[in-house]
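Colleague: Mind having a look at this structure? Questions to follow.
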Amino acid sequence: MIKRISNVNSENFQQCMKIYEASFPHKERHTVDVISQRIRSGKQFLFAWIDNNKIIGIALFWDLGVQKAVIMDYYAIDIEYRNVGIGDNFLRQILAHFHSHNSNLIIEIENPFIDESEIKSRRMKFYEKLNFKIIKGFNYLMPSINNLGPVDMILMINPAVAIEKINKAEMKQLIGKIYQEMYYQSTKSPFYKVEISKIDKDYLI
């Protein structure tokens with residue numbers, strides 16, 4: 001079953017963070033303290049997949065507050081339970097939850113087209129199977145975490161209602177929100193200015 005975890009002092013939260021830290025490289029994850037602060041603030045929320053009283057999957061989300069967009073910040077299944085269909089079932093229930101609230105779910109994944117990584121490609125195909133669509137032609141850089149440099153990513157979207165494109169103004173607003181709120185980028189920072197200036201057209205889904 002799916003359960004929302006709101007108490008960052010609970011044992012459930014600690015179990016979730018063990019999966020989180022084991023599943024993502026240092027350069028792609030925030031500290032547990034940052035995650036705790038975000039959940040307390042109400043901007044970020046955490047769902048867990050629980051089976052026989054054990055947490056075996058986690059999903060962290062951020063409500064962007066624009067265009068009914070919610071970004072899935074992190075999603076992982078305990079390594080002992082992977083490749084048996086749990087991740088598929090978990091994400092389908094998450095999608096049903098957000099679509100019932102008319103929310104558009106967005107994800108960041110490492111760009112599989114740069115180094116032809118089989119792991120990255122499998123990850124993309126997993127999301128495509130669940131009807132996530134690549135935002136075509138958009139070169140997305142995830143800002144540096146822990147001063148380890150930006151990471152080449154792609155954005156995918158699973159909208160509540162089918163859409164064909166995201167226009168230039170919507171894209172600037174969306175990426176601006178992600179950079180400012182999730183990655184603490186100032187609108188005056190060189191990185192922010194350069195990346196936002198690259199958004200110069202409408203993007204097909």
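Just so you know, all these numbers are worked out from the coordinates, no wet-lab data involved. Here the structure is a predicted model, which is why all the values come from computation and not from measurement. Note that we place each Cβ from the backbone using ideal geometry, even for glycine, and neighbour counts take in every protein chain shown.
Colleague: Out of every Cα-Cα pair in the chain, what percent are more than 21 Å apart?
Modeller: Cα-Cα pairs in the chain separated by more than 21 Å: 53 percent.
Colleague: Also, quick follow-up: Could you work out the longest stretch of the chain that avoids the GluC sites (Glu not before Pro) located in DSSP loops with at most 11 other Cβ atoms within 10 Å? Intermediate values should be presented prior to the final figure.
Modeller: Details: sites that count: Glu116, Glu164.
Result, exposed sites excluded: 1-115.
Colleague: Would you compute, from DSSP H runs of 4+ residues alone, the mean residue ellipticity of the chain at 222 nm, taking -39500 (n - 2.57) per run and dividing by the full residue count, rounded to the nearest 500?
Modeller: -10000 deg cm²/dmol
Colleague: Using a simple charge model, +1 on the beta-carbon of Lys and Arg, -1 on the beta-carbon of Asp and Glu, nothing else, what dipole does the chain show about its Cα centre, in debye to the nearest 20?
Modeller: Its charge dipole is roughly 460 debye.
Colleague: Placing +1 on the Cβ of each Lys and Arg and -1 on the Cβ of each Asp and Glu in region 36-82, which of Ser41, Met72, Gly57 has its Cα farthest towards the positive end of the resulting dipole?
Modeller: Ser41
Colleague: Next up: DSSP loop (so not H, G, I, E, B), at most 15 other Cβ within 10 Å: list which chymotrypsin sites (Phe, Trp or Tyr not before Pro) in region 96-205 pass both filters.
Modeller: Taking region 96-205 and a limit of 15 other Cβ atoms within 10 Å, the loop chymotrypsin sites (Phe, Trp or Tyr not before Pro) found are Phe113, Tyr184.
Colleague: While we're here: Normalised by the residues of the chain, what does the relative contact order come to in percent, with Cα pairs under 8 Å and at least six apart?
Modeller: 17
Colleague: When only DSSP loop residues count, what trypsin sites (Lys or Arg not before Pro) in region 94-140 have their Cβ near at most 12 other Cβ atoms within 10 Å?
Modeller: In loop regions of region 94-140 (DSSP not H, G, I, E or B), the sparsely surrounded trypsin sites (Lys or Arg not before Pro) are Lys136.
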